Amino acid sequence: MTASADSARYDTVIRRRQTRSVRVGDLWIGSEHPVVVQSMINEDTLDIEGATAGIRRLHEAGCEIVRVTVPSLAHAKAMGEIRQRLEDTYKPVPLVADVHHNGMKIALEVAKHVDKVRINPGLFVFDKPDPNRTEFTPDEIAQIGDRITETFEPLVSLLKEQDKALRIGVNHGSLAERMLFTYGDTPLGMVESALEFIRICDRLDFHNIVVSMKASRAPVMLAAYRMMADRMDAEGFNYPLHLGVTEAGDGDYGRIKSTAGIATLLADGLGDTIRVSLTEAPEKEIPVCYAILQALGLRKTMVEYVSCPSCGRTLFNLEEVLHKVRNATAHLTGLDIAVMGCIVNGPGEMADADYGYVGKTPGVIALYRGRDEIRRVSEAEGVDALIQLIKDDGRWVDP
């Protein structure tokens, strides 16, 4: 079979799944808007001063939506004071409250003080698992469904009344017992868990919904999100997806694991907001998020550096020079800068770059604007000359 040249699989621009716009504070999540970056503070919400500082620190680091945990009614009430402190001492920040076990009263209280409430379908109406249970009867499943509807409807009605958002956030590790009995510990169980809550919202004509299907293993997460998107599209639910690999760990592997899951789905056109979950200070998650989005061409918030891996033809210390160029220009945004070791592949490989720094002959650097060589300078002058070229073009800003 001959492949069609216009197949979406061969497109160099990602075609995002069409989703509705959901407002969270002064931001919008959906396919008509840039993919939104979010994270979560690790301060106790009862620590008003500490939590406020944590939210501000994350927001200043580039986090666009900040999530907090509210495990009790006292925590929920504290969010009112935290929100007011932010407005008085900093600025309004889009806030999400995380509600867990049997959090009905908590959710109703905290909905007054935040822009979005996140509930976990496996825990929102929670019954302790029975180790002696062998099955769920149809009547038992129906009764649990009725309890969920009765418990969930007041929150949906309140969010609708206040024009606020809801995240239906399924976690692979916390599926309800009846879902495990019915579907097993599977992506299908995750999807059915979310759809049960989505259908309740739909019956109440509430559509300010974002959905997540998080798992700690990337293959499970990939399967769950893909299935969720297909099922929602089939049923006419065009809700945005919040992507994340939960409990990814730390260091290089945590970043690679998160990227493997998040970037794969984004490349498929799935995902409208992302969170990289690291066992590190929350603000360290933000650069990873933006790097993923930039690498895929979904957002451009930093300089894109193109550099060759170095070989025997390299005419200068490429790693050292790239470091110098990065230090001088990393504060800029929206530029592509190439640092290439020799003339053999340099101009061709960096053809899409705005500016190029190429080893021409030993001790001599050629500077390019796009595909055009502008001037040659000594290696000692190279970085300063590159900066001057950017300034001459009016594209420089002082750090």
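In the stretch 35-48, the residues that are touching a residue at least 12 places away in the same chain (Cβ under 8 Å) and over 19 Å from residue 115 (Cβ atoms) form Cβ pairs under 9 Å with partners that are assigned to a loop (DSSP other than H, G, I, E, B) and open to solvent by 10 Å² or more (accessible area, probe 1.4 Å), at six or more places apart or across chains, as follows: 42/281; 46/72.
The rows are residues; the columns are (1) open to solvent by less than 10 Å² (accessible area, probe 1.4 Å); (2) under 10 Å from the mean Cα position of the chain (by Cα).
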| residue | (1), (2) |
| --- | --- |
| 257 | no, no |
| 260 | no, no |
| 263 | no, yes |
| 272 | yes, yes |
| 278 | no, no |
| 282 | no, no |
| 285 | yes, yes |
| 288 | no, yes |
| 294 | no, no |
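Applying the criterion of being more than 21 Å from residue 78 (Cβ to Cβ) and small (Gly, Ala, Ser) to the residues of the stretch 109-143, the residue that is farthest from the chain's Cα centre (by Cα) is 142. In the stretch 34-78, of all residues being open to solvent by 50 Å² or more (accessible area, probe 1.4 Å) and touching a Leu at 6+ places or on another chain (Cβ under 9 Å), the one that is farthest from residue 266 (Cα to Cα) corresponds to 74. Cβ separations smaller than 6 Å between residues 6+ apart or across chains give the following pairs from the stretch 350-375 residues that are within 17 Å of residue 303 (Cβ to Cβ) and in contact (Cβ under 8 Å) with a residue 12 or more places away in the chain to residues that are open to solvent by less than 40 Å² (accessible area, probe 1.4 Å) and part of a loop (DSSP other than H, G, I, E, B): 354/335; 356/350.
State whether one or more residues within the stretch 264-282 are small (Gly, Ala, Ser), outside any loop (DSSP other than H, G, I, E, B), closer than 16 Å to residue 215 by Cβ and modelled with pLDDT of 95 or more. Within the stretch 264-282 (the criterion being small (Gly, Ala, Ser), outside any loop (DSSP other than H, G, I, E, B), closer than 16 Å to residue 215 by Cβ and modelled with pLDDT of 95 or more), the answer is no, since none of the residues qualifies.
Just to check your reading of the model, which residue among 69, 52, 89 is under 27 Å from residue 262 (Cβ atoms) and more than 16 Å from the chain's Cα centre (by Cα)? It would help to see each step written out before you state the result.
Values: 52 fails: under 27 Å from residue 262 (Cβ atoms); 89 fails: under 27 Å from residue 262 (Cβ atoms).
Just one listed residue meets the conditions, 69.
The residues of the stretch 342-371 that are open to solvent by 70 Å² or more (accessible area, probe 1.4 Å) and either small (Gly, Ala, Ser) or at pLDDT below 90 (or both), listed by number, are 344, 345, 349, 352, 362, 371. With respect to the conditions (1) without any contact (Cβ under 8 Å) to a residue 60 or more places away in the chain; (2) on the phi < 0 side of the Ramachandran plot, residue 65 falls short on a single one, namely (1). Evaluating residue 84 against the criteria (1) in a helix (DSSP H, G or I); (2) open to solvent by less than 70 Å² (accessible area, probe 1.4 Å); (3) of a type outside the set (A, V, I, L, M, F, W, C) leaves one unmet condition, (2).
Working only within the stretch 210-246, note down all residues that are part of a loop (DSSP other than H, G, I, E, B), in contact (Cβ under 8 Å) with a residue 60 or more places away in the chain and open to solvent by 10 Å² or more (accessible area, probe 1.4 Å). Steps first, please.
Within the stretch 210-246, the first condition is being part of a loop (DSSP other than H, G, I, E, B), and the residues that meet it are 216-217, 236-240, 244, 246.
Now restrict to residues that are in contact (Cβ under 8 Å) with a residue 60 or more places away in the chain: 238-240, 246.
Those that are part of a loop (DSSP other than H, G, I, E, B), in contact (Cβ under 8 Å) with a residue 60 or more places away in the chain and open to solvent by 10 Å² or more (accessible area, probe 1.4 Å): 238, 246.
The values are calculated or read from the model by the stated rules, or taken from the named source; none is laboratory data. Just so it is clear, the model here is predicted, and its values are computed rather than measured. No Cβ is skipped: glycine too gets one built from the backbone with ideal geometry, and neighbour counts run over all protein chains shown. Side chains are part of the model used for accessible areas, which takes the heavy atoms of the whole protein and leaves out ligands, DNA and RNA. Shrake-Rupley method; radii C 1.70, N 1.55, O 1.52, S 1.80 Å.
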